[in-house]
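Have a look at the structure below before the remarks.
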Amino acid sequence: MAEKKPINPILKSALELGPVAAFFVAYLMLRERTFVIGGMEYEGFILVTAGFIPLILVTTGVLWALSGHVSKMQIATAVLVVVFGGLTVWLNDDRFFKMKPTIIYTLFAGILGVGLLRGQSYLQFVMEGMMPLKREGWMVLTRRLAAFFAGLAVLNEVIWRTMSTDMWVNFKTFGLTIAIFVFFMTQGGLFQKYSTDENKDG
């Protein structure tokens, strides 16, 4: 196993969030355009997706080279980007890439659910002790997060199937990020109740 190395947090955030931001900006620039390549017409969304695939691989590789560590979630995301992004470009069909968040969140919910059925919190294993919680706290948080991921999967399906591509891109870029941030912000009571930090009361 590669040894973890310190990395500037700003650079780390740029490598993790940069590809999504670049995707959004490129989409805004190319969404109204159509390109003819090899006699086949491609919408701007397809071309942006084609560029997003190598970008996510490069940034993930750079993150691993600099920090010596890439989370399992990042690896799973990169693999699904390659698979579903590749299908989108190859078949010239944007539905595959729009389904990617559904697959990712269903996968996460399923993995956490399997752990819960076995009486374990896989979330605790994945987060590698980043939060000082008792076992009961990890189990409660895991149940909530599994349900949350399942809800995001359903919401993504509803949005991409019933709304415009513009709406879906905004949802993917901002909505999902805000939803995850709000979820963890609302777990303050749980973190306080189940904290193992002996100094939490001062």
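Residues that are surrounded by fewer than 18 Cβ atoms within 10 Å (Cβ to Cβ) and in contact (Cβ under 8 Å) with a residue 24 or more places away in the chain within region 21-40 comprise Ala21, Ala22, Phe24, Arg31, Met40, listed in sequence order. Within region 119-169, being part of a helix (DSSP H, G or I), touching a residue at least 12 places away in the same chain (Cβ under 8 Å) and of a type in the set (S, T, N, Q) holds for Gln124, Thr142, Asn156, Thr165. One residue stands out in region 19-54 among those that are among the β-branched types (Val, Ile, Thr) and assigned to a strand (DSSP E or B): the one that is nearest to Trp168 (Cα to Cα), namely Thr34.
For region 168-194, a residue qualifies if it is within 18 Å of the chain's Cα centre (by Cα) and not aromatic (Phe, Trp, Tyr), and the qualifying residues are Val169, Asn170, Lys172, Thr173, Gly175, Leu176, Thr177, Ile178, Ala179, Ile180, Val182, Met185.
Among what's in region 135-164 and is within 24 Å of Glu16 (Cβ to Cβ) and polar (S, T, N, Q), pick the residue that is farthest from the chain's Cα centre (by Cα). Break it down into steps so the answer makes sense when it comes.
First pass over region 135-164, keeping only residues within 24 Å of Glu16 (Cβ to Cβ): 138, 141-142, 144-146, 148-153, 155-156, 159-160.
Among the residues that remain, those that are also polar (S, T, N, Q) are: 142, 156.
Values: Thr142: 17, Asn156: 13 Å.
The selected residue is Thr142.
Residues Phe97, Phe52: which one is touching a Ser or Thr at 6+ places or on another chain (Cβ under 9 Å) and either modelled with pLDDT of 95 or more or surrounded by 15 or more Cβ atoms within 10 Å (Cβ to Cβ) (or both)? Only one candidate qualifies: Phe97.
Considering only residues in region 166-202 that are of a type outside the set (Phe, Trp, Tyr), closer than 21 Å to Phe24 by Cα and in contact with a Lys or Arg (Cβ under 9 Å, 6 or more places away or on another chain), the one that is modelled with the lowest pLDDT turns out to be Lys172.
Beta carbons closer than 6 Å, at least 6 apart along the sequence or on distinct chains, pair a first residue in region 53-81 that is touching a residue at least 60 places away in the same chain (Cβ under 8 Å) with a second that is of a type in the set (Val, Ile, Thr) and in a loop (DSSP other than H, G, I, E, B) for Trp64/Val70; Leu66/Ile7; Ser67/Ile7.
The values are calculated or read from the model by the stated rules, or taken from the named source; none is laboratory data. Owing to the predicted nature of the structure, the values given are computational and were not obtained by experimental measurement. Quick reminder, even Gly has a Cβ in these numbers, built from the backbone with ideal geometry, and neighbours come from all protein chains shown.
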